Every structure is written in structure tokens, then in C-alpha cells.
Amino acid sequence: MQENISPRPSPSTREAVLSVRGLTVGFGEKLVLDHLDLDVYRGEILGFVGASGAGKSVLMRTVLRLLPKREGKIHILGSDYDAVNEAKRMELDTRLGVLFQHGALFSSLTVKENIQLPMREYLDLPQKLMDELAYLKIDMVGLDADAGNKYPSELSGGMIKRAALARALALDPDLVFLDEPTSGLDPIGAAEFDNLIARLRDTLGLTVYMVTHDLDSLFSVCDRIAVLGKKRVLVEGTLEDMFAFDDPWVQSYFRGKRARSVSVGNAVE
Ligand SMILES: Nc1ncnc2c1ncn2[C@@H]1O[C@H](COP(=O)(O)OP(=O)(O)OP(=O)(O)O)[C@@H](O)[C@H]1O
């Protein structure tokens, strides 16, 4: 069952942790994103939705510099990614955490070793401290300490998501990207994961960019929603903004039969 988590009111002076302007990305002749603008504000959970193939993963991967862009600017924490030197880029990279869709843990490493990978890449810490930090993250995501010495193959789907989240949090990022974090989880596991994300936002002041198809997540924990369509952000705002937006896809997504049953379920809980 969902905990009673109320979305945060948007403060009047919002700091954009991620700011994208005029982003254009394509493959050969095919344009996937065309002059897209988007802001993600500190301390919010932004739910990012769009039809399958609309370009949600392409946008996330471009922001993470895993795909090249053709045009546009990406500011992370106020710094223009392309204008900073390599040392600053490395520093900015440490401020971002990522949970890829299928967890993407290394199967040959234990959970603890997976969490310590980013620490080894970016920090120079003694093993004992890295162990302490790894167990702190394991606890933070609600796993028992003995999960630390387990291999991914020994974990349930929900535990893998939590372990992958612990790795995303390894460097205490400001902003975490979650790519369909509740996909493959049963409804109870998905609700627990949503509650965990909301708790981390509240306790760590984490900013969350969550690509999701999960209407429950959108209705229960997202502060704002952005919809990708026609190669750009069609609309961004609250659920009320989605309901009021005059577009056939947005209307059927947020007012369709499935959405209605989810919104009623959340309202009565
Ligand atoms: N490396 C690539 N080379 C060529 N085309 C690509 C590449 N990556 C993505 N695309 C294309 O870009 C478009 C957007 O893909 P993307 O994976 O971002 O969609 P999505 O919105 O995340 O979809 P889904 O919800 O199904 O995961 C698709 O048409 C896809 O085929």
C-alpha cells in the first residue's frame, strides 16, 4: 500500500539542477529530438513519460553524454557541460547517479563491490571507508547488510533495483536518473520502491528524474510530469496541467480507463 506522500509545492525560486535548451539529437536521416527544452528543479521528482519510441531513453543518454547531440545546451548545476574543462566535467559526473532499466549490475561482482565501482573510479578512499560507505548505502535503500556479499543472481528483482539504486547513490549525487525503476516489480514492490524514492528525496534532498510508464508512480510520488511527444516536451507541470492539456495522446494517457482506476485507487488509500 502507498504511504501517504503528498507532492511538494513548487517553491517560487526554483534552482534548475538540470537545464536543457534547444536539444537536437538524431540518427542518420532520423531526427528523434528537435530543439527540446526541459528544466528539472532541485528537490523534485520529475516523472518523464511519452509513447514508446518517443525518445525518452535517447534524451537521458544524451544528457549523460552516452549519445552525441547535434545542437543545444545542457547545463548541470548551472554549468554548461560543453564549456567546462575535463576536471569540472568529472566533478559534474559525480553529481549524477543513474539507475538503468534492468539494474545493470555487474554479475561477477557482489552488491558491495558494485556499489564501490563508482567510488573506485572517482574517489581515492581506503578500502575500510569504502566498505562503511557501501553498507550505509545498502541500509539507505532498505536492504539487509547480508545483501552486500551477495551476487546479483542471488537477489530478487526488487532487491536488484534497490542494489542498483544504492550504486546510483554511491557518490551522494544531487540528481539521479531512474529509467523505468518499477518495471518488472509486482504492485506492492513497485509501491515500496516509490515510497523509498520519495523518502530519499525528503531525507537527502535528492532530485529525481524518473522515466516511467507506471501510472501509480506518476499519481503518487511525482511532483511534476513532463510529456515527450513530437520530438520535444509537449507539456510539463502538475497532474492538473496534464488533465487540462489538449492533446489526444496526453488525454488518453491521463484520462484513459487505466489512469482513472489508478487515480481513484490513490485517492481512496
Ligand atoms: N543508437 C541508436 N541508433 C539509431 N536509432 C536509435 C538509437 N537509439 C535509439 N534510436 C531510435 O530513437 C527512437 C527513440 O528511442 P528511445 O529508446 O529513446 O525511445 P523511448 O521513448 O525510450 O521508448 P520506450 O518507452 O519503448 O523505452 C526510436 O525510434 C529508436 O529506434
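The values are calculated or read from the model by the stated rules, or taken from the named source; none is laboratory data. Quick caveat, the model's predicted, so the values are computed rather than measured. Every residue, glycine as well, gets a Cβ built from its backbone with ideal geometry; the counts of neighbours run over all protein chains shown.
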L133, sole failed condition from (1) under 24 Å from D202 (Cα atoms); (2) at pLDDT 90 or above; (3) touching a helix residue (DSSP H, G or I) at 6+ places or on another chain (Cβ under 6 Å)
(3)
Quick test for you: out of R167, R224, R201, pick the one residue that is at pLDDT 90 or above and more than 24 Å from A16 (Cβ to Cβ).
R167
Across segment 187-198, what is the total count of residues that are within 12 Å of G142 (Cα to Cα), at pLDDT 90 or above and buried (at least 20 other Cβ atoms within 10 Å of the Cβ)?
1
If you go through segment 136-165 one residue at a time, how many are without any contact (Cβ under 8 Å) to a residue 24 or more places away in the chain, of a type in the set (G, A, S) and assigned to a helix (DSSP H, G or I)?
1
